[in-house]
Amino acid sequence: MTPESDEIPRAVLLQRIERAEQSGDQLLAADQAAQALERFPDDTAFRYHHLLSLARAGALTEAEKLWPRYALPLEDVNHAALGARLLRERAFRAGDERRELLALAAAAYARIFRRSGDSFPGINAAVLSALAGELGAAQALARQVLAATAAGHGDRDARFHRAADRLQAALILGDGAGA
């Protein structure tokens with residue numbers, strides 16, 4: 001980090017990282033998060049974005065090494081789901097053991113869904129179960145996701161994500177009209 005960057009407020013650093021992520025420049029986001037961590041080594045937001053950007057950029061081995069060291073608070077659904085996402089990414093890269101790893105990632109997401117009730121890990125668990133060939137489990141999870149997304153309140157982003165989760169759940173259930 002440069003002396004000038006030591007004066008940049010934390011909130012501005014976080015906005016820059018999020019902007020890089022949203023633009024699709026995951027390597028830039030990972031680099032910015034790593035630089036921010038030099039100033040704020042215990043900041044969970046910077047740790048989260050560093051791991052997320054590394055995973056999105058394909059630097060899975062590095063993200064897997066840092067995951068236990070960063071010790072993110074797992075009460076946060078996004079933080080908890082990041083561990084499941086790393087399993088998912090590993091599964092997508094696997095050969096013969098792909099189905100087993102998909103099932104492990106699905107189980108990790110399902111545990112987070114049961115604990116949080118948040119549809120985000122629930123739909124991920126359902127989709128990964130389907131990809132692992134466990135259609136019964138996928139459909140059961142899809143039904144639970146539909147129940148979890150029944151409430152339509154919240155901000156625009158929350159409504160959009162619930163609608164996307166409902167669409168995926170309907171597709172898993174073979175409900176084209178509902179989708």
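The values are calculated or read from the model by the stated rules, or taken from the named source; none is laboratory data. Bear in mind that the values here come from a model prediction, so they are computed numbers and not experimental data. In this analysis, Cβ positions are derived from the backbone assuming ideal geometry, glycine residues included, and neighbour counts consider all displayed protein chains. Remember, those area values only see protein heavy atoms, side chains included, never the ligands or the DNA or RNA. Shrake-Rupley method; radii C 1.70, N 1.55, O 1.52, S 1.80 Å.
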Handout entry: Where ARG69, ARG19, ARG56, ARG88 fall by accessible area, highest first, once all protein chains stay in place (1.4 Å)
Key = ARG69, ARG19, ARG56, ARG88
Handout entry: ILE123, ILE172, ranked by accessible area, largest first (probe 1.4 Å)
Key = ILE172, ILE123
Completion exercise
Rounded to 0.05, the calculated FRET efficiency for the beta carbons of GLU18 and ARG115 at R₀ = 30 Å is 0.70
Problem - Principal axis dimensions, the chain - Cα atoms, whole angstrom, descending - result: 57, 42, 27
Completion exercise
From most to least accessible, 1.4 Å probe, no ligand or DNA/RNA atoms counted, SER129, SER116 line up as SER116, SER129
Completion exercise
Heavy-atom accessible area of the chain with neighbours in place, 1.4 angstrom probe: carbon+sulfur share in percent works out to 52 percent
Problem - Solvent exposure of region 10-102 as accessible area per residue, Å², 1.4 Å probe - result: 53 Å²
Practice task
Please express the shape of region 70-145 as an equivalent ellipsoid: the semi-axes are the square roots of 5 times the eigenvalues of the C-alpha gyration tensor, given largest first in whole angstrom.
Solution key: 19, 17, 7
Exercise for the section: Once you have the Cα-Cα distance between LEU167 and GLU7, take 0.36 nm times their residue separation minus that, and quote the gain in nm to one decimal. Expected result: 53.1 nm
Handout entry: Residue-averaged 222 nm ellipticity for the chain, from DSSP H runs of 4+ at -39500 (n - 2.57), nearest 500
Key = -24000 deg cm²/dmol
